[in-house]
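The values are calculated or read from the model by the stated rules, or taken from the named source; none is laboratory data. Since the model is a prediction, treat every value here as computed from it, not as a measurement. Neighbour counts run over all protein chains shown; Cβ positions are idealised from the backbone, glycine included.
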Amino acid sequence: MLNTASDLKIKVRAGSARGHANAGWLKSAHSFSFANYYDRNNMHFHNLRVINDDWIAGDGGFPMHPHENFEIFSYMLEGELEHKDTMGNGSTVRKGGIQFMSTGTGVQHSEFNPSPEAPSHLLQIWLIPARKNTTPRYEMLDLDDTARDGKLQLFLSHDGRDGSIRTEAAADVYSGKLDGKDEINFELNDHRAVYVHVARGELQINGATLEDGDAIEAEGRGSLVLNNAKGAEIIVFHLSDRP
């Protein structure tokens, strides 16, 4: 645990400590307990329940399966992912894209890598909603490199502001890219917590060096300083246990 001059508390989570699964067509690293990886002390962080770092081989994928009362999105890092669901949606998301489902009262969907050869690399993320049994929804969004080079782009929010996708979770989620002298300051001054996941690359957060797959949990009041980056792409979760 890193303690700063403020009352901000920061815990570094090493990517090497994640749970792992290998089904041949799927290789996955689990930041929180999932499937056969179980740690009763690592079930979630506030309302962030799942971060799975998935590599899906060509023509591999998940057949139709159900979800309910989770906010689920795929964050594409490489390749493509084809989606179909019982709401009638059918689409393909590519590198730099977000594919989102608010599953509410229940929905079934499938996800496949449409390429016969090239793997798909994505983060699948689940948030716990503040309201249950809502009407299911599906949306897509392309991230903007201009809006996130050395900055944070809000792409998922509790109120759908600034062109972001609205989620039923009490959460705002940002994507950012940092390199060289880029620096981002993120302030914590309310009842919310912050989780930063390094999707790839390297950077420092309040002096701690993080690499691909690493993360930090932050609670309290104070400033997170993100800098000294080398090709870093991050996801920042501003989380609350309250609606």
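Only strands (runs of 3 or more DSSP E) whose full extent lies in the range 79-122 are considered here, and the ones with at least 2 residues that are under 14 Å from residue 142 (Cα atoms) are 80-85, 90-94, 97-102.
Please go through the range 122-177 and pick out each residue that is surrounded by fewer than 18 Cβ atoms within 10 Å (Cβ to Cβ) and basic (Lys, Arg). Answer for the range 122-177, where residues must be surrounded by fewer than 18 Cβ atoms within 10 Å (Cβ to Cβ) and basic (Lys, Arg): 131, 132, 151, 161, 166. Of all the listed residues (145, 59, 149), the sole one being at pLDDT below 95 and of a type outside the set (Lys, Arg) is 145. Contact annotation: residue pairs with Cβ atoms under 7 Å, 6 or more positions apart or on different chains, pairing a residue in the range 147-169 that is on the phi < 0 side of the Ramachandran plot with a partner that is modelled with pLDDT of 95 or more and part of a helix (DSSP H, G or I), are 153/147; 154/162. Filtered by the rule that a residue be of a type in the set (Gly, Ala, Ser) and farther than 18 Å from residue 52 by Cβ, the range 102-147 gives 102, 104, 106, 115, 118, 130, 147.
Selection of the range 21-54 for residues being crowded, with 19+ Cβ neighbours inside 10 Å and of a type outside the set (A, V, I, L, M, F, W, C) yields 28, 30, 31, 46, 47, 49, 52, 53, 54. Restricting attention to the range 182-210, the residues being over 20 Å from residue 157 (Cα atoms) and either under 16 Å from the mean Cα position of the chain (by Cα) or surrounded by 20 or more Cβ atoms within 10 Å (Cβ to Cβ) (or both) number 5. When the range 216-243 is filtered for residues that are farther than 22 Å from residue 129 by Cβ, surrounded by 17 or more Cβ atoms within 10 Å (Cβ to Cβ) and of a type in the set (A, V, I, L, M), the ones remaining, listed by number, are 216, 218, 224, 226, 229, 232, 234.
Do you know which residues across the range 67-88 are in contact with a Ser or Thr (Cβ under 7 Å, 6 or more places away or on another chain) and within 21 Å of residue 172 (Cα to Cα)? Those that are in contact with a Ser or Thr (Cβ under 7 Å, 6 or more places away or on another chain) and within 21 Å of residue 172 (Cα to Cα): 68, 69, 70, 71, 72.
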